[in-house]
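Single-structure report; data block below.
The values are calculated or read from the model by the stated rules, or taken from the named source; none is laboratory data. Bear in mind the structure is a predicted one, so any value in this text is a computation, not a measurement. Virtual Cβ from ideal backbone geometry, glycine too; neighbours counted across all protein chains shown.
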Amino acid sequence: MAQFDDIDRRILAFLMEDARRSFREIADEVDRSAPTVSNRVERLEELGVIRRFTVDIDRSALSGTNRSLLTVSTAPRTASALGSELADHDAVEHVFRGVGGKVVATVLMSSSDLEYLLSDLSEEFDTADWSVEPLAESKWHPQLGGEDAFGLVCTICGNTISEGGETVEVDSGDRHAVCCSSCATAISEQYERLAAEEETP
C-alpha cells in the first residue's frame, strides 16, 4: 500500500480550497502530471479520504429562513441514533456528536417547523434536554492539520498506517485501509459475520 506523502497533502489542500480546480491546474502547482494527480485523487477516493466533491451553499440566502443552533444532551447510548435522525432531515446542515452524549446541529427552518421537529423527536428521545438559539454567524473551514498529524488511520484499531499497511476490499466493493495483516483478517471476518447474520432468517 502506497504511503501518503506531501504531494497527497498538497493535492487535498488545493481541492479543499476549490474543488472545481482541474487536475491540470493542480498538477502545475505540485510539479506532477495531470494523470498522476488524477490517479492520486482516485486512490484517495477509494480509501475514503475524499468522500465527495460538493458545493458550499448558504441556504439562508436562498430561503430566507432562520438558521439555529440546536444543542441536545442525552444518554450516550442514544446520542448516535439521535444524530442519525437529525442528519436525515433535509433542513439540518451539520451534526456533531460528542463522546458524552451531547449532540449539536445547525438547522435551517422556520420557527414553527423547528417546533414541529423538536416535538416529533422529543417523543422518541423523551429523556433528552433540548436547547435552541438563533445562530448569528457560522464559519466552516476544514483543515488538514499539521504535517505530523497527516496519515491514514486503520479502520480497525485506529493506529496510523505505515509502510506495512494493506487495503482490503470486501464483497460490497468498499475498500478499507488497515495497518497490518491481523487487522485485515479482522475486517474480513467482521464483514463475513455481518453477511451471515443478514442471511439468517
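Listed here are the strands (runs of 3 or more DSSP E) enclosed by the stretch 96-194 that have at least 2 residues being of a type in the set (D, E, K, R) and more than 27 Å from Gly48 (Cβ to Cβ): 129-134. Among the residues of the stretch 128-137, is any modelled with pLDDT of 90 or more, aliphatic (A, V, I, L, M) and within 17 Å of the chain's Cα centre (by Cα)? No, the stretch 128-137 has no match at all. Here Tyr116 meets each of (1) of a type in the set (Phe, Trp, Tyr); (2) farther than 30 Å from Ser162 by Cα; (3) surrounded by 14 or more Cβ atoms within 10 Å (Cβ to Cβ) with one exception, condition (3). Ala61 meets the conditions (1) in a helix (DSSP H, G or I); (2) at pLDDT 85 or above in every case but one. The failed one is (2).
Residue-wise test of (1) among the polar types (S, T, N, Q); (2) over 19 Å from Ile161 (Cβ atoms); (3) over 23 Å from the mean Cα position of the chain (by Cα).
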position	(1), (2), (3)
Phe4	no, no, no
Arg9	no, no, no
Ala13	no, yes, no
Glu17	no, yes, no
Arg20	no, yes, no
Arg32	no, yes, yes
Pro35	no, yes, yes
Arg40	no, no, no
Arg43	no, no, no
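Looking only at residues in the stretch 67-103 that are among the polar types (S, T, N, Q) and touching a Gly at 6+ places or on another chain (Cβ under 8 Å), the one that is farthest from Leu135 (Cα to Cα) is Thr78. Set side by side, the residues Ser110, Ser38, Ser33 differ, and just one is hydroxyl-bearing (Ser, Thr, Tyr) and either in contact with a strand residue (DSSP E or B) (Cβ under 9 Å, 6 or more places away or on another chain) or touching a residue at least 40 places away in the same chain (Cβ under 8 Å) (or both), which is Ser110. Scanning the stretch 41-50 for residues that are among the acidic types (Asp, Glu) and touching a residue at least 40 places away in the same chain (Cβ under 8 Å) yields a total of 1. Among the listed residues Asp31, Asp90, Asp56, Asp5, identify the single one that is surrounded by fewer than 13 Cβ atoms within 10 Å (Cβ to Cβ) and modelled with pLDDT of 90 or more. Step by step, each of Asp31, Asp90, Asp56, Asp5 is checked, and only Asp31 is surrounded by fewer than 13 Cβ atoms within 10 Å (Cβ to Cβ) and modelled with pLDDT of 90 or more.
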